[in-house]
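Coordinate-derived values only; no laboratory data. Everything quoted here is computed from the prediction, not taken from an experiment. Cβ coordinates were reconstructed from backbone atoms using ideal geometry, including for glycine residues, and neighbour counts include every protein chain displayed.
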């Protein structure tokens, strides 16, 4: 079944690239280099698309031989199409790049997304502001992997607030993660010198008074703290975690 579209309103389209070119020309006809096809489910076939200003349909087989073609150009990333040009609106709706290279501007949808983003930012900032000192230090160890004893509480609070503002959803996910306390404790092992990295964080060694052996190697390309935490939660590493926890 051919897609149908409500063309009763003016529409604006925008390129999805974050850095849109000053001018972008959209392919307007089916070619071997750029197949411009729409699959019609009712007919069970692909139908070639072509935009012609003097035609009533965007499908090639429904157009006559006297076509007038004009380029479709996005200026500064945007393209405005009035309701008086329904063929172009339908052509853009059916275009293979719709949703990939460009999209229709939906003010209501954009406003809803912006509200959700702002609400998440507010929630994250409130959660960050209400943290006590122990929570601030715990989250800082996980977020920044730093020795919190060498940074003032005010500096930690500032850094957490900045992170929460810039990454609200990630911050909320971290704060609500049941593994937060465990991961913070693992960071504390390194902070207290009970564990240490060697060979540019490729190896992890025990550094207690009674144990100076290598604990593990870090696989290439993996996050060291994630690998260490995973090991200490495993059956092989949990007893070692309990021992290290008692030494803090």
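Once you have the alpha carbon radius of gyration of region 11-105, what is it after dividing by 2.2 N^0.38 Å, with N set to its residue count? Don't skip to the end; give the middle numbers.
Details: Rg = 13.3 Å, N = 95, 2.2 N^0.38 = 12.4 Å.
In units of the globular-protein estimate, region 11-105 measures up at 1.07.
Taking R0 as 22 Å, what's the FRET efficiency between residue 247 and residue 179 from their Cβ-Cβ distance, rounded to 0.05? Before the final figure, lay out each step's value.
On the way: r = 21 Å, r/R0 = 0.95.
Given R0 = 22 Å and the Cβ-Cβ separation, E is 0.55.
Relative contact order of region 178-248, please, whole-number percent, based on alpha carbon pairs below 8 angstrom and at least 6 residues apart.
24
Report the semi-axes of the equivalent ellipsoid for region 178-248 in whole Å, largest first, where each axis is √(5λ) for an eigenvalue λ of the Cα gyration tensor. Please list the in-between numbers first.
Numbers: eigenvalues 55, 47, 25 Å².
Output for region 178-248: semi-axes of 17, 15, 11 Å.
Sorted from largest down, what three extents in whole angstroms do the Cα atoms of the chain have along their principal axes?
If we take the Cα atoms of the chain, the spans are 89, 38, 34 Å.
Using mean Cβ contacts within 10 Å as the protection proxy, how do 193-199, 179-185 order, highest first?
Numbers: 193-199: 14.1, 179-185: 17.0.
Ranking the peptides 193-199, 179-185 by packing returns 179-185, 193-199.
Can you report the principal axis dimensions of region 120-177 using only the alpha carbons, biggest first, rounded to whole angstrom?
Between the extreme Cα coordinates on each principal axis of region 120-177 lie 31, 19, 18 Å.
Would you mind computing, in nm to one decimal, how far apart the modelled labels at residue 234 and residue 25 are, each placed 7 Å from Cα along Cα→Cβ?
5.8
Go ahead and collect, in residue order, the members of region 103-134 whose backbone nitrogen is under 12 Å from a label point 7 Å along the Cα-Cβ direction of residue 157.
Correct set: 128-134.
Sorted by mean Cβ packing within 10 Å, highest first, what order do the peptides 61-73, 232-244 take? Write down the numbers at each step before the final one.
Values: 61-73: 11.0, 232-244: 14.3.
Packing proxy ranking, top to bottom: 232-244, 61-73.
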